[in-house]
1. Name the residue that is farthest from residue 152 (Cα to Cα), counting only residues in segment 1-53 that are in a helix (DSSP H, G or I) and of a type in the set (S, T, N, Q).
2. Can you name the helices (runs of 4 or more DSSP H) wholly within segment 144-223 that have at least 2 residues being assigned by TED's automatic domain parsing to the domain that holds residue 255, under 30 Å from residue 459 (Cα atoms) and within 18 Å of the chain's Cα centre (by Cα)?
3. Select from segment 309-328 the residues that are outside any loop (DSSP other than H, G, I, E, B) and charged (D, E, K, R) and write down the one among them that is surrounded by the fewest Cβ atoms within 10 Å (Cβ to Cβ).
4. List, please: which pairs have Cβ atoms under 7 Å, are six or more places apart or on different chains, and start with a residue in segment 6-22 that is closer than 16 Å to residue 472 by Cβ and end with one that is surrounded by fewer than 11 Cβ atoms within 10 Å (Cβ to Cβ) and at pLDDT below 95?
5. For the subset of segment 453-484 comprising residues that are out of contact with any Lys or Arg (no Cβ under 9 Å at 6 or more places or on another chain) and not in a helix (DSSP H, G or I), which member is modelled with the lowest pLDDT?
6. Based on this model, can you work out whether residue 393 counts as within 28 Å of residue 289 (Cα to Cα), of a type outside the set (Gly, Ala, Ser) and at pLDDT 90 or above?
7. Between 421, 434, which is free of Cβ contacts under 8 Å to residues at least 12 places away in the same chain and of a type in the set (Gly, Ala, Ser)?
8. Would you point out the residue of segment 274-306, among those that are in contact (Cβ under 8 Å) with a residue 60 or more places away in the chain and charged (D, E, K, R), that is nearest to residue 192 (Cα to Cα)?
Amino acid sequence: MVFSSHLFVFYFLPLSLLLYYAAPRRGQHLLLTLLSYVFYGWANPLFVVLMFVSTVIDYVCGLVLVGRWPGWDDNHTPLLPPGGPRSAWQKIAVTASICSNLSLLGFFKYFNFGLDSYNALVGGLGFDGAQWDTFLRITLPLGISFYTFQSMSYSIDVYRGDARAIRNFTDFACYVAMFPQLVAGPIIRFQDVADQLRERTYSSEKFARGVAFFSFGMAKKILLANACGKMADVAFDAGSVDVLEAWAGLFGYAFQIYFDFSAYSDMAIGLGLMFGFVFAKNFDSPYQAQSITDFWRRWHISLSTWLRDYLYLPLGGNRRGPTRTYVNLATVMVLGGLWHGASWNFVIWGTIHGAMLAFERAQGKESFYRRLPGPLKTLLTFVIVCFAWVFFRAETLPRALDYCQALLGLGAPAPGAGLIAGIIYQPYYLIAVAGAAITTWWMPQTWDFTRRITPAKAAWTFALLGLSLVLLTTQSYNPFIYFIF
(Lines give C-alpha, C1' and ligand atoms only; values in the text may rest on other atoms or scores of the structure.)
Protein backbone atom coordinates (compact mmCIF):
# COMPACT_ATOMS: atom_id res chain seq x y z
CA MET A 1 0.00 0.00 0.00
CA VAL A 2 1.33 3.43 -0.91
CA PHE A 3 0.39 6.82 0.49
CA SER A 4 -0.43 8.27 -2.92
CA SER A 5 -3.35 5.96 -3.59
CA HIS A 6 -7.11 6.27 -3.24
CA LEU A 7 -7.14 3.15 -1.08
CA PHE A 8 -4.89 4.81 1.48
CA VAL A 9 -6.26 8.38 1.34
CA PHE A 10 -9.97 7.61 1.30
CA TYR A 11 -10.18 4.35 3.23
CA PHE A 12 -7.15 3.22 5.24
CA LEU A 13 -6.12 6.61 6.68
CA PRO A 14 -9.58 7.85 7.76
CA LEU A 15 -10.42 4.47 9.30
CA SER A 16 -7.07 4.37 11.11
CA LEU A 17 -7.52 7.85 12.56
CA LEU A 18 -11.09 7.10 13.61
CA LEU A 19 -10.12 3.88 15.40
CA TYR A 20 -7.00 5.43 16.93
CA TYR A 21 -8.74 8.39 18.53
CA ALA A 22 -11.72 6.26 19.58
CA ALA A 23 -9.45 3.77 21.36
CA PRO A 24 -8.45 4.24 25.01
CA ARG A 25 -4.99 5.70 25.48
CA ARG A 26 -3.67 2.38 26.81
CA GLY A 27 -4.74 0.53 23.68
CA GLN A 28 -3.55 3.02 21.07
CA HIS A 29 -0.12 1.45 20.59
CA LEU A 30 -1.59 -2.01 20.11
CA LEU A 31 -4.10 -0.66 17.61
CA LEU A 32 -1.42 1.30 15.72
CA THR A 33 0.79 -1.79 15.61
CA LEU A 34 -2.01 -3.93 14.17
CA LEU A 35 -2.89 -1.26 11.62
CA SER A 36 0.78 -1.06 10.64
CA TYR A 37 0.91 -4.84 10.17
CA VAL A 38 -2.12 -4.60 7.86
CA PHE A 39 -0.47 -1.75 5.95
CA TYR A 40 2.84 -3.60 5.62
CA GLY A 41 1.35 -6.99 4.83
CA TRP A 42 -1.08 -5.70 2.22
CA ALA A 43 1.18 -6.81 -0.65
CA ASN A 44 2.61 -9.91 1.02
CA PRO A 45 1.55 -11.02 4.54
CA LEU A 46 4.73 -13.08 4.92
CA PHE A 47 6.73 -9.87 5.13
CA VAL A 48 5.04 -9.21 8.49
CA VAL A 49 6.46 -12.44 9.89
CA LEU A 50 9.99 -11.37 9.02
CA MET A 51 9.56 -7.96 10.64
CA PHE A 52 8.01 -9.55 13.73
CA VAL A 53 11.01 -11.88 14.11
CA SER A 54 13.40 -8.92 13.93
CA THR A 55 11.27 -7.07 16.48
CA VAL A 56 11.27 -9.96 18.96
CA ILE A 57 15.03 -10.47 18.70
CA ASP A 58 15.87 -6.83 19.43
CA TYR A 59 13.27 -6.57 22.18
CA VAL A 60 14.74 -9.58 24.00
CA CYS A 61 18.28 -8.31 23.48
CA GLY A 62 17.30 -4.98 25.04
CA LEU A 63 15.95 -6.72 28.16
CA VAL A 64 19.06 -8.87 28.45
CA LEU A 65 21.22 -5.74 28.25
CA VAL A 66 19.55 -4.21 31.33
CA GLY A 67 18.73 -7.47 33.12
CA ARG A 68 14.98 -6.94 33.36
CA TRP A 69 11.91 -9.07 32.61
CA PRO A 70 8.96 -7.89 30.53
CA GLY A 71 6.22 -5.96 32.26
CA TRP A 72 3.07 -4.14 31.23
CA ASP A 73 2.92 -1.49 33.91
CA ASP A 74 6.45 -0.30 34.42
CA ASN A 75 8.52 0.79 31.43
CA HIS A 76 11.30 2.29 33.53
CA THR A 77 14.56 0.39 33.23
CA PRO A 78 18.03 1.44 34.35
CA LEU A 79 20.17 3.48 31.99
CA LEU A 80 23.50 1.77 31.48
CA PRO A 81 26.44 4.03 32.33
CA PRO A 82 27.82 5.48 29.08
CA GLY A 83 31.30 4.18 28.43
CA GLY A 84 31.13 1.87 31.42
CA PRO A 85 32.21 -1.78 31.48
CA ARG A 86 29.85 -4.34 29.95
CA SER A 87 29.40 -7.97 30.98
CA ALA A 88 29.82 -10.95 28.68
CA TRP A 89 26.03 -11.38 28.45
CA GLN A 90 25.59 -7.76 27.45
CA LYS A 91 28.21 -8.10 24.74
CA ILE A 92 26.55 -11.30 23.52
CA ALA A 93 23.14 -9.57 23.44
CA VAL A 94 24.23 -6.59 21.37
CA THR A 95 26.24 -8.85 19.06
CA ALA A 96 23.21 -11.10 18.58
CA SER A 97 21.08 -8.08 17.70
CA ILE A 98 23.56 -6.70 15.18
CA CYS A 99 24.32 -10.08 13.58
CA SER A 100 20.68 -11.15 13.32
CA ASN A 101 19.60 -7.89 11.70
CA LEU A 102 22.53 -7.80 9.31
CA SER A 103 21.98 -11.47 8.46
CA LEU A 104 18.34 -10.87 7.60
CA LEU A 105 19.24 -7.81 5.56
CA GLY A 106 22.17 -9.54 3.88
CA PHE A 107 20.26 -12.67 2.92
CA PHE A 108 17.14 -11.04 1.55
CA LYS A 109 18.87 -8.10 -0.10
CA TYR A 110 22.14 -9.54 -1.36
CA PHE A 111 21.62 -13.25 -2.02
CA ASN A 112 20.70 -12.75 -5.68
CA PHE A 113 23.45 -10.16 -6.15
CA GLY A 114 26.09 -12.40 -4.58
CA LEU A 115 25.03 -15.40 -6.62
CA ASP A 116 25.04 -13.49 -9.91
CA SER A 117 28.41 -11.88 -9.12
CA TYR A 118 29.94 -15.24 -8.24
CA ASN A 119 28.65 -16.88 -11.43
CA ALA A 120 29.88 -13.97 -13.54
CA LEU A 121 33.32 -14.14 -11.92
CA VAL A 122 33.90 -17.87 -12.32
CA GLY A 123 32.37 -17.77 -15.79
CA GLY A 124 34.72 -14.98 -16.82
CA LEU A 125 37.67 -17.02 -15.53
CA GLY A 126 36.60 -19.97 -17.64
CA PHE A 127 35.33 -22.17 -14.80
CA ASP A 128 31.80 -22.62 -16.05
CA GLY A 129 31.49 -25.89 -14.17
CA ALA A 130 31.93 -24.02 -10.87
CA GLN A 131 28.87 -21.87 -11.43
CA TRP A 132 26.02 -22.40 -9.02
CA ASP A 133 22.77 -22.96 -10.84
CA THR A 134 19.72 -22.59 -8.65
CA PHE A 135 16.09 -21.81 -9.19
CA LEU A 136 15.98 -20.03 -5.81
CA ARG A 137 15.44 -16.29 -6.14
CA ILE A 138 14.83 -14.13 -3.10
CA THR A 139 12.07 -11.53 -3.04
CA LEU A 140 13.15 -8.33 -1.33
CA PRO A 141 10.74 -7.41 1.50
CA LEU A 142 9.62 -3.79 1.36
CA GLY A 143 11.40 -1.46 3.75
CA ILE A 144 13.75 -4.09 5.19
CA SER A 145 16.70 -1.71 4.89
CA PHE A 146 14.85 0.85 7.01
CA TYR A 147 13.31 -1.20 9.79
CA THR A 148 16.41 -3.37 10.36
CA PHE A 149 18.54 -0.23 10.83
CA GLN A 150 15.87 1.26 13.07
CA SER A 151 15.43 -1.85 15.19
CA MET A 152 19.17 -2.49 15.42
CA SER A 153 19.88 1.06 16.57
CA TYR A 154 17.65 0.42 19.60
CA SER A 155 19.85 -2.31 21.05
CA ILE A 156 23.01 -0.37 20.22
CA ASP A 157 21.68 2.75 21.97
CA VAL A 158 20.72 0.71 25.05
CA TYR A 159 24.17 -0.92 25.08
CA ARG A 160 25.90 2.44 24.81
CA GLY A 161 23.77 3.94 27.56
CA ASP A 162 22.08 6.43 25.21
CA ALA A 163 18.56 5.03 25.79
CA ARG A 164 16.63 2.98 28.33
CA ALA A 165 15.37 -0.45 27.34
CA ILE A 166 11.61 -0.70 26.96
CA ARG A 167 9.77 -3.42 28.89
CA ASN A 168 6.40 -3.24 27.14
CA PHE A 169 6.63 -5.34 23.98
CA THR A 170 3.63 -3.64 22.37
CA ASP A 171 5.30 -0.23 22.70
CA PHE A 172 8.46 -1.55 21.09
CA ALA A 173 6.55 -3.30 18.30
CA CYS A 174 4.72 -0.03 17.65
CA TYR A 175 8.06 1.80 17.38
CA VAL A 176 9.40 -0.67 14.82
CA ALA A 177 6.23 -1.12 12.75
CA MET A 178 4.69 2.36 12.81
CA PHE A 179 3.32 2.60 9.28
CA PRO A 180 4.00 6.32 8.56
CA GLN A 181 7.75 5.69 8.32
CA LEU A 182 7.90 1.90 7.95
CA VAL A 183 8.73 1.21 4.31
CA ALA A 184 10.74 4.25 3.23
CA GLY A 185 11.83 6.10 6.34
CA PRO A 186 12.82 8.42 7.74
CA ILE A 187 14.87 6.15 10.01
CA ILE A 188 13.56 6.93 13.48
CA ARG A 189 15.91 6.19 16.36
CA PHE A 190 14.42 4.89 19.56
CA GLN A 191 16.05 7.57 21.71
CA ASP A 192 14.24 10.21 19.61
CA VAL A 193 10.76 8.81 20.28
CA ALA A 194 11.19 6.99 23.61
CA ASP A 195 9.60 9.82 25.57
CA GLN A 196 6.80 10.12 23.02
CA LEU A 197 6.00 6.42 23.41
CA ARG A 198 5.50 7.03 27.13
CA GLU A 199 3.55 10.25 26.76
CA ARG A 200 2.77 12.68 23.94
CA THR A 201 0.45 15.60 23.39
CA TYR A 202 -2.42 15.95 20.95
CA SER A 203 -3.62 19.28 19.66
CA SER A 204 -5.53 20.74 16.77
CA GLU A 205 -2.44 22.74 15.78
CA LYS A 206 -0.30 19.61 15.60
CA PHE A 207 -2.96 17.75 13.62
CA ALA A 208 -3.40 20.71 11.23
CA ARG A 209 0.34 20.85 10.61
CA GLY A 210 0.28 17.11 9.95
CA VAL A 211 -2.47 17.58 7.33
CA ALA A 212 -0.41 20.35 5.71
CA PHE A 213 2.73 18.19 5.65
CA PHE A 214 0.81 15.32 4.09
CA SER A 215 -0.87 17.58 1.52
CA PHE A 216 2.34 19.23 0.36
CA GLY A 217 4.02 15.83 0.20
CA MET A 218 1.19 14.55 -1.97
CA ALA A 219 1.54 17.58 -4.25
CA LYS A 220 5.29 17.07 -4.59
CA LYS A 221 4.72 13.45 -5.51
CA ILE A 222 1.81 13.77 -7.94
CA LEU A 223 2.47 17.16 -9.51
CA LEU A 224 6.27 17.13 -9.73
CA ALA A 225 7.94 13.77 -9.11
CA ASN A 226 5.73 11.67 -11.38
CA ALA A 227 6.00 14.02 -14.37
CA CYS A 228 9.78 14.39 -13.97
CA GLY A 229 10.03 10.62 -13.63
CA LYS A 230 8.26 10.01 -16.92
CA MET A 231 10.70 12.38 -18.60
CA ALA A 232 13.65 10.56 -17.03
CA ASP A 233 12.32 7.15 -18.03
CA VAL A 234 12.10 8.18 -21.68
CA ALA A 235 15.76 9.22 -21.72
CA PHE A 236 17.19 6.36 -19.66
CA ASP A 237 15.15 3.64 -21.34
CA ALA A 238 16.01 4.80 -24.85
CA GLY A 239 18.60 2.75 -26.70
CA SER A 240 20.44 5.90 -27.69
CA VAL A 241 20.04 9.57 -26.82
CA ASP A 242 21.57 12.88 -27.89
CA VAL A 243 23.57 14.98 -25.46
CA LEU A 244 20.87 17.58 -24.76
CA GLU A 245 18.18 14.96 -24.18
CA ALA A 246 20.59 13.01 -21.96
CA TRP A 247 21.03 16.02 -19.69
CA ALA A 248 17.31 16.77 -19.76
CA GLY A 249 16.54 13.21 -18.72
CA LEU A 250 19.19 13.33 -15.98
CA PHE A 251 17.81 16.57 -14.55
CA GLY A 252 14.36 15.00 -14.70
CA TYR A 253 15.61 12.06 -12.64
CA ALA A 254 17.40 14.34 -10.17
CA PHE A 255 14.13 16.15 -9.52
CA GLN A 256 12.14 12.90 -9.51
CA ILE A 257 14.19 11.18 -6.83
CA TYR A 258 14.33 14.32 -4.68
CA PHE A 259 10.64 15.12 -4.82
CA ASP A 260 9.64 11.47 -4.68
CA PHE A 261 11.64 10.78 -1.52
CA SER A 262 11.16 14.14 0.18
CA ALA A 263 7.44 13.84 -0.59
CA TYR A 264 7.32 10.49 1.18
CA SER A 265 9.23 11.97 4.12
CA ASP A 266 6.82 14.92 4.27
CA MET A 267 3.83 12.58 4.24
CA ALA A 268 5.45 10.36 6.89
CA ILE A 269 6.14 13.36 9.14
CA GLY A 270 2.60 14.61 8.56
CA LEU A 271 1.06 11.25 9.42
CA GLY A 272 3.22 11.07 12.52
CA LEU A 273 1.88 14.45 13.63
CA MET A 274 -1.69 13.29 13.06
CA PHE A 275 -1.04 10.40 15.45
CA GLY A 276 0.73 12.65 17.96
CA PHE A 277 4.37 11.83 17.08
CA VAL A 278 7.01 14.35 16.07
CA PHE A 279 9.65 13.01 13.67
CA ALA A 280 12.86 14.83 12.78
CA LYS A 281 13.45 16.63 9.49
CA ASN A 282 14.84 14.34 6.77
CA PHE A 283 15.65 16.85 4.00
CA ASP A 284 17.05 20.36 4.22
CA SER A 285 17.07 21.72 0.62
CA PRO A 286 19.92 19.39 -0.45
CA TYR A 287 20.19 20.82 -3.97
CA GLN A 288 21.10 24.17 -2.42
CA ALA A 289 24.26 22.57 -1.01
CA GLN A 290 27.59 24.19 -1.90
CA SER A 291 29.72 21.06 -1.57
CA ILE A 292 29.23 17.31 -1.39
CA THR A 293 29.93 17.48 2.33
CA ASP A 294 27.16 20.04 2.65
CA PHE A 295 24.92 17.88 0.47
CA TRP A 296 25.16 14.98 2.91
CA ARG A 297 24.23 17.25 5.79
CA ARG A 298 20.99 17.97 3.93
CA TRP A 299 20.07 14.79 2.01
CA HIS A 300 18.35 11.86 3.75
CA ILE A 301 19.49 13.24 7.10
CA SER A 302 18.23 10.24 9.06
CA LEU A 303 20.46 7.88 7.03
CA SER A 304 23.53 10.11 6.91
CA THR A 305 23.44 10.66 10.68
CA TRP A 306 22.82 6.93 11.24
CA LEU A 307 25.89 6.06 9.15
CA ARG A 308 27.90 8.70 10.97
CA ASP A 309 26.96 7.58 14.49
CA TYR A 310 26.91 3.80 13.98
CA LEU A 311 29.60 3.30 11.35
CA TYR A 312 31.86 6.30 10.71
CA LEU A 313 32.54 7.16 14.35
CA PRO A 314 33.04 3.52 15.48
CA LEU A 315 35.56 3.14 12.63
CA GLY A 316 37.50 6.00 14.17
CA GLY A 317 35.97 8.98 12.41
CA ASN A 318 38.62 11.66 11.97
CA ARG A 319 40.47 10.83 15.18
CA ARG A 320 43.19 8.61 13.69
CA GLY A 321 44.90 10.84 11.20
CA PRO A 322 44.09 12.14 7.71
CA THR A 323 44.65 8.88 5.82
CA ARG A 324 42.39 6.88 8.12
CA THR A 325 39.77 9.64 7.87
CA TYR A 326 39.71 9.42 4.09
CA VAL A 327 39.47 5.64 4.23
CA ASN A 328 36.63 5.83 6.74
CA LEU A 329 34.70 8.33 4.60
CA ALA A 330 35.11 6.20 1.49
CA THR A 331 34.18 3.01 3.35
CA VAL A 332 31.03 4.51 4.82
CA MET A 333 29.83 5.86 1.48
CA VAL A 334 30.55 2.62 -0.39
CA LEU A 335 28.59 0.69 2.22
CA GLY A 336 25.91 3.38 2.07
CA GLY A 337 25.69 2.84 -1.67
CA LEU A 338 25.41 -0.90 -1.19
CA TRP A 339 22.69 -0.32 1.42
CA HIS A 340 20.61 1.30 -1.29
CA GLY A 341 20.71 -1.70 -3.55
CA ALA A 342 22.45 -4.94 -4.48
CA SER A 343 24.20 -3.74 -7.62
CA TRP A 344 27.66 -2.61 -8.65
CA ASN A 345 26.02 0.59 -9.86
CA PHE A 346 25.17 1.50 -6.26
CA VAL A 347 28.73 0.69 -5.19
CA ILE A 348 30.04 3.09 -7.86
CA TRP A 349 27.53 5.74 -6.78
CA GLY A 350 28.73 5.42 -3.19
CA THR A 351 32.37 5.45 -4.32
CA ILE A 352 31.87 8.73 -6.21
CA HIS A 353 30.39 10.39 -3.14
CA GLY A 354 32.99 8.86 -0.84
CA ALA A 355 35.82 10.05 -3.07
CA MET A 356 34.38 13.56 -3.18
CA LEU A 357 33.96 13.66 0.60
CA ALA A 358 37.57 12.55 1.07
CA PHE A 359 38.78 15.05 -1.54
CA GLU A 360 36.94 17.92 0.12
CA ARG A 361 38.28 16.92 3.52
CA ALA A 362 41.82 16.81 2.13
CA GLN A 363 41.41 20.25 0.53
CA GLY A 364 40.18 21.76 3.79
CA LYS A 365 39.97 25.54 3.80
CA GLU A 366 41.96 25.66 0.56
CA SER A 367 39.21 23.88 -1.35
CA PHE A 368 38.52 25.32 -4.77
CA TYR A 369 34.86 25.46 -3.71
CA ARG A 370 35.67 28.40 -1.45
CA ARG A 371 37.05 30.44 -4.34
CA LEU A 372 33.82 30.32 -6.32
CA PRO A 373 30.73 32.51 -5.90
CA GLY A 374 27.91 30.86 -3.98
CA PRO A 375 25.67 30.18 -7.02
CA LEU A 376 28.55 28.54 -8.89
CA LYS A 377 29.35 26.35 -5.89
CA THR A 378 25.72 25.25 -5.78
CA LEU A 379 25.68 24.60 -9.55
CA LEU A 380 28.92 22.60 -9.46
CA THR A 381 27.69 20.50 -6.55
CA PHE A 382 24.38 19.87 -8.32
CA VAL A 383 26.16 18.71 -11.49
CA ILE A 384 28.39 16.31 -9.53
CA VAL A 385 25.36 14.91 -7.70
CA CYS A 386 23.48 14.53 -10.99
CA PHE A 387 26.41 12.75 -12.64
CA ALA A 388 26.47 10.25 -9.77
CA TRP A 389 22.70 9.77 -10.16
CA VAL A 390 23.38 8.11 -13.53
CA PHE A 391 24.69 5.02 -11.74
CA PHE A 392 21.80 5.16 -9.29
CA ARG A 393 19.20 5.18 -12.09
CA ALA A 394 20.69 3.05 -14.89
CA GLU A 395 19.58 -0.58 -14.92
CA THR A 396 23.03 -1.99 -15.66
CA LEU A 397 26.64 -0.83 -15.52
CA PRO A 398 27.08 -0.91 -19.34
CA ARG A 399 23.95 1.22 -19.71
CA ALA A 400 25.28 3.68 -17.10
CA LEU A 401 28.58 4.00 -18.98
CA ASP A 402 26.76 4.52 -22.27
CA TYR A 403 24.66 7.25 -20.67
CA CYS A 404 27.77 8.98 -19.31
CA GLN A 405 29.17 8.97 -22.84
CA ALA A 406 25.99 10.59 -24.10
CA LEU A 407 26.24 13.28 -21.41
CA LEU A 408 29.77 14.10 -22.57
CA GLY A 409 28.79 14.08 -26.25
CA LEU A 410 30.93 11.04 -26.99
CA GLY A 411 29.85 8.41 -29.46
CA ALA A 412 27.38 8.67 -32.28
CA PRO A 413 23.67 8.48 -31.43
CA ALA A 414 21.76 5.79 -33.27
CA PRO A 415 19.40 6.77 -36.09
CA GLY A 416 16.10 7.88 -34.65
CA ALA A 417 17.60 9.19 -31.40
CA GLY A 418 16.33 12.64 -32.30
CA LEU A 419 12.77 11.40 -31.87
CA ILE A 420 13.36 11.32 -28.12
CA ALA A 421 13.33 15.11 -28.11
CA GLY A 422 9.76 15.17 -29.35
CA ILE A 423 8.69 13.07 -26.37
CA ILE A 424 10.78 14.79 -23.69
CA TYR A 425 10.01 18.38 -24.58
CA GLN A 426 6.27 18.16 -24.14
CA PRO A 427 4.76 21.19 -22.35
CA TYR A 428 3.56 19.03 -19.43
CA TYR A 429 7.06 17.73 -18.71
CA LEU A 430 8.71 21.12 -19.18
CA ILE A 431 6.25 22.80 -16.84
CA ALA A 432 6.86 20.09 -14.23
CA VAL A 433 10.66 20.49 -14.45
CA ALA A 434 10.34 24.27 -14.24
CA GLY A 435 8.05 23.92 -11.22
CA ALA A 436 10.52 21.51 -9.62
CA ALA A 437 13.40 23.94 -10.16
CA ILE A 438 11.43 26.87 -8.71
CA THR A 439 10.38 24.81 -5.71
CA THR A 440 13.95 23.55 -5.20
CA TRP A 441 15.77 26.86 -5.23
CA TRP A 442 13.23 29.58 -4.48
CA MET A 443 10.31 28.22 -2.47
CA PRO A 444 10.31 27.76 1.35
CA GLN A 445 10.65 24.27 2.75
CA THR A 446 7.58 22.43 3.96
CA TRP A 447 9.13 22.31 7.43
CA ASP A 448 9.25 26.11 7.62
CA PHE A 449 6.06 26.88 5.69
CA THR A 450 3.90 24.77 8.02
CA ARG A 451 5.18 26.12 11.34
CA ARG A 452 2.11 28.34 11.54
CA ILE A 453 -1.02 27.54 9.56
CA THR A 454 -2.83 30.72 8.52
CA PRO A 455 -6.12 30.81 6.59
CA ALA A 456 -4.21 31.62 3.40
CA LYS A 457 -1.84 28.68 3.94
CA ALA A 458 -4.79 26.42 4.70
CA ALA A 459 -6.37 27.44 1.40
CA TRP A 460 -3.15 26.61 -0.47
CA THR A 461 -2.92 23.32 1.37
CA PHE A 462 -6.39 22.11 0.42
CA ALA A 463 -6.10 23.45 -3.13
CA LEU A 464 -2.91 21.50 -3.76
CA LEU A 465 -4.30 18.39 -2.08
CA GLY A 466 -7.49 18.57 -4.15
CA LEU A 467 -5.58 19.07 -7.40
CA SER A 468 -3.24 16.18 -6.52
CA LEU A 469 -6.12 13.81 -5.81
CA VAL A 470 -7.85 14.77 -9.06
CA LEU A 471 -4.67 14.13 -11.07
CA LEU A 472 -4.08 10.92 -9.16
CA THR A 473 -7.20 9.46 -10.80
CA THR A 474 -5.70 10.08 -14.24
CA GLN A 475 -2.15 8.80 -13.59
CA SER A 476 -1.16 5.20 -14.12
CA TYR A 477 2.51 6.05 -13.44
CA ASN A 478 2.90 6.36 -9.67
CA PRO A 479 6.05 4.64 -8.32
CA PHE A 480 7.81 5.32 -5.04
CA ILE A 481 11.52 4.95 -5.82
CA TYR A 482 12.68 4.20 -2.28
CA PHE A 483 10.24 1.32 -1.87
CA ILE A 484 12.78 -0.89 -3.65
CA PHE A 485 15.47 -0.09 -1.09
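1. Step one: list which residues in segment 1-53 are in a helix (DSSP H, G or I), which gives 6-22, 25-40, 46-53.
Keeping just the survivors that are of a type in the set (S, T, N, Q) gives 16, 28, 33, 36.
Values: 16: 27, 28: 24, 33: 18, 36: 19 Å.
Result: 16.
2. It comes to 204-219.
3. First, pick out the residues of segment 309-328 that are outside any loop (DSSP other than H, G, I, E, B): 309-312, 322-328.
Adding the requirement that they be charged (D, E, K, R) leaves 309, 324.
On the way: 309: 17, 324: 14.
Checking each candidate, the answer is 324.
4. Close Cβ pairs (under 7 Å, with a partner that is surrounded by fewer than 11 Cβ atoms within 10 Å (Cβ to Cβ) and at pLDDT below 95) do not exist here.
5. Looking at the filtered set, the residue picked out is 479.
6. On the way: within 28 Å of residue 289 (Cα to Cα): yes; of a type outside the set (Gly, Ala, Ser): yes; at pLDDT 90 or above: yes.
Criteria met by residue 393.
7. Values: 421 fails: free of Cβ contacts under 8 Å to residues at least 12 places away in the same chain.
Answer to the check: 434.
8. Out of the qualifying residues, it is 281.
The values are calculated or read from the model by the stated rules, or taken from the named source; none is laboratory data. Values in this document were obtained by computation on a predicted structure and should not be read as measured data. FYI the Cβ positions are ideal-geometry reconstructions off the backbone, even for glycines, and counts take in every protein chain you see.
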